[in-house]
1. Sorted from largest to smallest, which semi-axis lengths in Å does the alpha carbon gyration tensor of the range 153-316 give for its equivalent ellipsoid, taking the root of 5 times each eigenvalue?
2. If I model a spin label as a point 7 Å beyond the Cα along the Cα-Cβ vector, how far apart are those points for Asp328 and Asp50 in nm?
3. With label points built 7 Å along Cα→Cβ from the Cα atoms of Glu278 and Arg73, find their separation and express it in nm.
4. Extension gain Phe94-Glu287, at 0.36 nm per residue separation less the Cα-Cα distance, in nm?
5. What is the distance in Å between the Cα centres of the range 84-124 and the range 159-199?
6. Rounded to the nearest 20 Debye, what is the dipole magnitude of the range 178-283 about its Cα centre when Lys and Arg each give +1 and Asp and Glu each give -1 at the C-beta?
7. Just tell me which lysines come within less than 19 Å, Cα to Cα, of Lys282; anything on the same chain fewer than 8 places away is out.
8. For a quick check: with amide H placed at 1.01 Å from N, whose amide H comes under 5 Å from Val77's, ignoring anything fewer than 5 positions away on the same chain?
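Any read-out appearing in this document is the output of simple, stated calculations on the displayed coordinates, not a laboratory observation. These numbers come from a predicted model, not from an experiment. Here the Cβ positions follow ideal geometry from the backbone for every residue, glycine too, while neighbour counts run over all protein chains shown.
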Amino acid sequence: MKICLYLEFYHFLGGILFKKIGTGLLSSYRNQLRILDNLKIPYTEEWSNDCDILQINTPWIKSLYLIRCARARGKKVIIWAHVTVEDAMQVFRFMPIIAPVFKKYLTYAYGQGDIVFCPSDYTKSLLFAYGLPAEKLVVLSNGVDTNFYRASEEKRNRARGEYKIEGLTIGTVGLVIPRKGTDTFVYLAKEFPKNKFVWFGKIYSGLLVRPLPKELPANVLFSGFINDVVAAFNALDIFIFPSYEENEGMAVLEAAAIGLPIIVRDILVYEGWLEHGENCLKAKSDEEFKKHVKMLLENKEMRLKLGQGAKILAERKSINALSRKANDAYIKLLNDDIK
């Protein structure tokens, strides 16, 4: 078995389009590489006729061309469902205008795969509603590398020193876009002026997305892109993820691997694997976020309990755990046993 693992534009001009972005897509792609290494399955990142499976990450124009090449040679095709209309709608200003056409395109593109890897049951339900057949839709988490994302006192001290962080600190890691809940983040910072709030992640241009408020509370820091994402997680004491729409939420898994207590917005994607009071707290409103933050700031025992529960969750979605599931999917696909 040999697999072509393909992410469009990843190697274009030395990868310039993916530098200093830090998206879940990149994290997922790197986890896929680690899974193949773990399984000792030969792979290439450029199409080769000796590949048995073409595994696409973004179904754009060249990817569709490669799918045609693979089909012409009788090869199998897997497509990762990293993008849905629902999550794209809340990213760029122009998305609501093109959403109907984009949905038709995604339905067509994902339909070109023999199977579609869905990061969650929620994503699977969306694609099924688009009209894709259930037998094509295979749930496989993006996963988390628990050997890479781990607690480190050295990284914590370095990051907190660099960003002048002191005391119990609340924060998050991810792209600074409205969909990720920047409004809730700023609201919480105003409600807890004695605590530092730090958002580590690339800040998009106001031409593409609704910009941050011109005046931010004094206790808020938006760092911009950070090279050492593990240090970013370690710098925090409480991880909040107020995103309005996700296909899984890789930052949640990464925070879990560090052992941070986690607060998320109560949205459908987390049903079945994030358990309120066990490995996270869920909030339906800004007021509930405020209540949970206050409780965790005052209750060290609960912080430790949720952090421990989060680490157990991360192990269930580790590279080792997902390697077995991925290998089963590959074997079934090659044996025409996908049902």
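1. Its equivalent ellipsoid spans semi-axes of 22, 18, 16 Å.
2. Taking the simple label geometry, Asp328 and Asp50 are separated by 3.1 nm.
3. Distance between label points: 4.5 nm.
4. 66.4 nm
5. 30
6. The calculated dipole for the range 178-283 is roughly 540 debye.
7. Lys180, Lys290, Lys291, Lys294, Lys300, Lys305, Lys311
8. Those qualifying (amide H under 5 Å, at least 5 residues apart or on another chain) are Leu54, Asp114, Ile115.
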